[in-house]
Amino acid sequence: MIVSSSKLSSLLLCLASLGINAAVARCQQASSPHPLGEVNVQPSDLLNTTLRDDWPSYNGDYTGRRYSSLTQVTPDNAHQLRAQWVFHSRNAGILEVTPVVIAGVMFVTGSNDAYALDAVTGKTLWHHAWPITQGLIDDASGHINRGVAVLGTRIYMETDNAHLLCLDARSGNLIWDVPYAPGNRNYGATSAPLVVKDKVLVGTSGGDDGVRGFIAAFDAKTGKEAWRFWTIPAPGEFGSSSWPGDMYMHGGGTTWMPGTYDPQLNTIYWGTSNPSPDFDGSVRPGDDLYTNCVLALDPDTGKLKWYFQFTPHDLYDYDATETPVLVDAIYKGSPRKLIVEANRNGFIYILDRTNGKFLAAKQFALTQNWAKGIDVNGRPIPTGNIPTPEGTHVCPGFAGATNWYSPSYNELTHLFYFMTLEDCSVYSSHTEEFEEGRAFYSTGAKHRPDERGKKYLLAFDFNKGEFAWRNPQVGNSHSFAGVMTTATGLVAFGDDAEEFEIVNGRTGASLWHFNVGQPLHSSPMSYAVNGKQYFAIAAGNDLFSFALP
């Protein structure tokens, strides 16, 4: 093989920078034309709300709408979709990732590993391996990772033990590693980061395990911490009366899903989890701020602008980490900047995102017995049905009436779509002491032997305050798959029968389905390469891509 002097020089420089153990193939790749060379996401690219070829962040864009402007797949031809390729991950945890696609390159995560794939063929372009962490508990011990954030030629990901990694998007090489949750080994992380301007925003898991929740921002270039907002107030701060003694150090309120962002208002909106301990409220009196909230923060400083609490003094594990979807719409005859959130507690909420004002709520759970309703200020009216040492039957159950799986708002149909779970649990409580290395539920929740859950796909018209349709699922209610929509009125989701399915967004009528043979625990996305539209979704340890013939 004859190598030109310029290519040889490039190859030698590459080898010198990577070290002798790096694969020569990587250097050859870097010195020759390749789609990885086109990966360079600018802050202005992340402001785009018209998603076509690329899907540059976890929710597609900052609004959290999961709405694609692609139009190649329609209600008339969706039945022709075919599987294009399958990528298999051998990592420890199942895949809950939503892929990110930039310039024909797909970035996915499995446990602590990151992969770059050719988005047309599924071929691995690079793989960055990072060992899983031993000794983790609860959610973190599942080694779940939901994806990456991208800025410039760098990608960012969280690890199971709450490290923020910065990788070179073109080679997979590690640039820096920042541990961001020291001091309590019950911390974990399961989310995808969120890039806003020049900062990378992260949170943690562990809201059931006696940690103190926070959102932290790091400089995208250096990894230096820029700010940190603690979701559990320290002694003397507003809201601290709920946390006597050192309870503020173990109060939960973790931030285990990415937030959304409004550039015009320069505000991020981030959900917080349940308080800890979960089922014993006697040791945390009052509202337990800022658990079960959506927080509006200044992304430059981390300063709190406003908050709205969905479930004050939560006793049922009703995290508020569901995506706060940003919608600009005519609401009740006037243009409004809205947040629409289907909450785990069984109610869907509409807020004014400029100030957090409560506008409306509607129960979507068919079976619900913890609240009589929502008052004019947005506070629930409790029934008094609370956990006891003997056990109390409560609906929704501890998995919630919905959960972290993604919703979607469609500009064409003006409907809000989300998956729901009809389920109940028997909640038991008993005061326990916090112990590092153990969960902090005090005590637990279980199903009655004769009860089985039921899943539904719902379409909500928030202007009318009514459900346009309700699509019952056939299955065992073990799926945790989300929803996305397209500009042709399609709703794509993982159903409860181990299928990737597409329905008509106006009617809910099924148009196509593909059996993936395993439960789906992820949210779908869509992208295009060379004018061809694809859908992708993970199931089990496999990632599937679909397109028209």
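None of the figures in this text is laboratory data; all of them are computed from the coordinates on show. Small disclaimer: the values here were computed from a predicted structure and weren't measured. For neighbour counting, all protein chains shown are included, and Cβ atoms are generated from backbone atoms with ideal geometry for every residue, glycine included.
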Of all beta bridges DSSP finds with both residues in the range 358-475, what is the antiparallel percent, to the nearest 5?
95 percent
For the range 382-400, list residues with backbone N below 14 Å from a point placed 7 Å from the Cα of residue 369 toward its Cβ?
383-388, 391-398
Give 123/221; 221/305; 305/332; 221/303; 199/337; 305/357 a once-over and call out the pairs whose C-alpha atoms are over 20 Å from each other.
123/221; 221/305; 305/332; 221/303; 199/337
FRET E, pair residue 328, residue 42, Förster distance 30 Å, beta-carbon r, rounded to 0.05:
0.80
Describe numerically, in nm with one decimal, the distance between label points set 7 Å from Cα along Cα→Cβ at residue 197 and at residue 222.
1.6 nm
Cα-based shape type of the range 483-543, given that a ≥ b ≥ c are square roots of the gyration tensor eigenvalues and the cut on a/c is 1.5:
oblate
Compute the helix-to-body angle for 5-18: its Cα long axis versus the longest principal axis of the chain, expressed 0 to 90° and rounded to tens.
30 degrees
So, how do all the Cα-to-Cα distances of the range 33-547 break down into 10 Å bins, in percent, from 0 on up?
4, 21, 33, 28, 13, 2, 0
For a quick size check, give me the Cα extents of the range 284-326 along its three principal axes, largest first, whole Å.
33, 23, 11
Considering only the range 33-547, percent of DSSP beta bridges that pair antiparallel, nearest 5
95 percent
Short to long, in 5 Å steps from zero, the percent of alpha-carbon pairs of the range 259-306 per bin is 5, 20, 25, 16, 13, 11, 7, 3, 0
Full-extension gain between residue 264 and residue 176, please, as 0.36 nm times their residue separation minus the C-alpha to C-alpha distance.
28.5 nm
Per DSSP helix of 4 or more residues, -39500 (n - 2.57); summed, then divided by the residues of the chain. What does that give at 222 nm, rounded to the nearest 500?
-1000 deg cm²/dmol
Net charge of Cβ neighbours under 14 Å - reference residue 421; Lys, Arg +1; Asp, Glu -1:
-3
Partners for residue 362 among aspartates and glutamates (Cα-Cα distance below 17 Å; same-chain residues under 8 apart left out)
322, 341, 352, 375, 422, 461, 466
Lys/Arg Cβ at +1, Asp/Glu Cβ at -1, dipole of the chain taken about the Cα centre: which of 312, 355, 255 is farthest positive-ward?
355
If we count every other residue with Cβ under 15 angstrom of residue 266's Cβ, Lys/Arg +1 and Asp/Glu -1, where does the sum land?
+2
